[in-house]
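Heads up, the thing below is written out as structure tokens.
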Amino acid sequence: MHVGWEEGPFGPGAERRVTRAFERVVLVVVPHVAAGTRLFDVVPLLEGDPRIQVVLAVQGRVTGTEAFARATGARVLPWDEATARRFDLVLAASPRGLQDLHGPVLRMPHGVGALKSRLTPRCGNAGPTHGLVREQLLHNGRPLASALVLAHDSELEVLRSSCPEAEPTALVAGDPCLDRVLVSSRRRQAYREALGVRDGQRLVVVSSTWTTRSVLGAHLDLYRELVGRGERVLAVVHPNATSVHGVRQVRAWLPPEVGLVPAAEGWRAAVIAADVCVGDHGSTTQYAAAAGRPVLLVPFPEDLVRPGSPAAVLRERAGVLDPALPLDPQLARARPVRGFARVVSSRPGGSAALLRSAAYRLLDLEEPPWPAVQEPVPLLHLVETGAARRGPAPRPEPGPLVRG
């Protein structure tokens, strides 16, 4: 065994260590928290099968990722061990590190859709790009993924144009994150009660992606204005922001009365419970609209998002906040964006069965007899505010998973 490798459920001497024998090993690749949370929408479809052992490996050194992986309770392998072994299935939500792994790969998006809404500049001066470009899909001329999961039929058309070599691997399976939100929304009152929202009280969730053009980056005064009007306010902040700046610093920038939702899990419970979601072009705002919550967008430049993307469609259909006008009537006029779930997913409610079927095909196993269903997201019982943060003692970061 390689020096430094941990004694796990496989490898030399494993027969003396295991409590239960298994037939297949699934590796979950976690390069950052956003990818990890998305993959754990799929892991429950596999891990209950007694023929399967699920393990994790953290790729890279993004702050908070290792803690997230350990907090799941799953077995976490050192990256050098993960790259030296062959797995029966690799689950990924990012291209990072896939060229170094061995085994069939099922790759899915870690936000709304496989095509990014926010335009990302290419290296050099080649112009902006989306999320289905050749350099992220191929390695040595061959597809990195054995199954490339797409959320929407329209993404398949883009893939055919941008990387035809990857088209045979494509699977339009919808969006498991959205499906969990939709399933959970049937119990919306339970999520409001868990958060302590009183009858008649308006809960405003402010969703911010990262970058300087986000709500947190460009509209920090909005949080204080909402609190000043007596709203119950929860802040959902992209994990990249808390990873780069630190949870303590983000809390310090927010008014003490604002509840900061844990980055890894909790945002969906907050969105489900919300009366209004005020947000930018990020995925959380789009999921809120797809779940039928009233949405009000902060102003952002048209050239920030890809034309035709879900964020661009939302900009066309949702109300836009005017900072020069009073907030109360604008919040009262916020309305759901009809039909937006179909903008996000071509298979709403169908992802569990489609993804499990694809995974078992790659595992070369018969599917188990029980139905493939998405579990409701955990209730969010407590969201800390910053009211007690003013003292000199360091405050621990919120745990990456909030359990109901």
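The values are calculated or read from the model by the stated rules, or taken from the named source; none is laboratory data. Note that this is a predicted model, so its numbers are computed, not measured. For neighbour counting, all protein chains shown are included, and Cβ atoms are generated from backbone atoms with ideal geometry for every residue, glycine included. Surface accessibility is based on the protein's heavy atoms, side chains included, excluding ligands, DNA and RNA. Shrake-Rupley method; radii C 1.70, N 1.55, O 1.52, S 1.80 Å.
Remarks
- V158 falls short on exactly one of the conditions (1) surrounded by fewer than 20 Cβ atoms within 10 Å (Cβ to Cβ); (2) among the aliphatic types (A, V, I, L, M); (3) at pLDDT 95 or above; (4) closer than 20 Å to P310 by Cα, and that condition is (3).
- Residue satisfying all of: in the range 96-111; in a loop (DSSP other than H, G, I, E, B) and open to solvent by less than 10 Å² (accessible area, probe 1.4 Å); nearest to A34 (Cα to Cα) among these: M108
- Considering each residue of the range 357-365 in turn, none proves to be modelled with pLDDT under 95, open to solvent by 30 Å² or more (accessible area, probe 1.4 Å) and among the hydroxyl-bearing types (S, T, Y).
- Residues of the range 206-233 that turn out to be among the hydrophobic types (A, V, I, L, M, F, W, C), buried (at least 16 other Cβ atoms within 10 Å of the Cβ) and assigned to a loop (DSSP other than H, G, I, E, B), as a count: 1
- Inclusion of L115 among residues that are touching a Leu at 6+ places or on another chain (Cβ under 9 Å) and at pLDDT 95 or above is not warranted.
- If the condition is being acidic (D, E), closer than 26 Å to L354 by Cβ and open to solvent by 50 Å² or more (accessible area, probe 1.4 Å), then the range 41-95 contributes E47, D88.
- Hits in the range 136-177 - residues which are free of Cβ contacts under 8 Å to residues at least 24 places away in the same chain and of a type in the set (A, V, I, L, M, F, W, C): L156, A170
- R306 being more than 25 Å from V227 (Cβ to Cβ) and either surrounded by fewer than 20 Cβ atoms within 10 Å (Cβ to Cβ) or of a type outside the set (A, V, I, L, M) (or both): yes
- Test: V383 is at pLDDT 95 or above, surrounded by 12 or more Cβ atoms within 10 Å (Cβ to Cβ) and either touching a helix residue (DSSP H, G or I) at 6+ places or on another chain (Cβ under 9 Å) or closer than 27 Å to E155 by Cβ (or both): no
- Members of the range 18-39 that are part of a loop (DSSP other than H, G, I, E, B) and crowded, with 21+ Cβ neighbours inside 10 Å: P31, H32
- When the range 262-279 is limited to residues that are open to solvent by less than 20 Å² (accessible area, probe 1.4 Å) and at pLDDT below 95, the one that is farthest from V181 (Cα to Cα) turns out to be P262.
- Condition check for V236: within 15 Å of the chain's Cα centre (by Cα) and either under 28 Å from E155 (Cβ atoms) or assigned to a helix (DSSP H, G or I) (or both): yes
- Residue check for V76: modelled with pLDDT of 95 or more, part of a strand (DSSP E or B) and under 15 Å from F10 (Cα atoms): yes
- Within the range 33-91, the set of residues being over 19 Å from the mean Cα position of the chain (by Cα) and among the acidic types (D, E) comprises E47, D49, D80, E81, D88.
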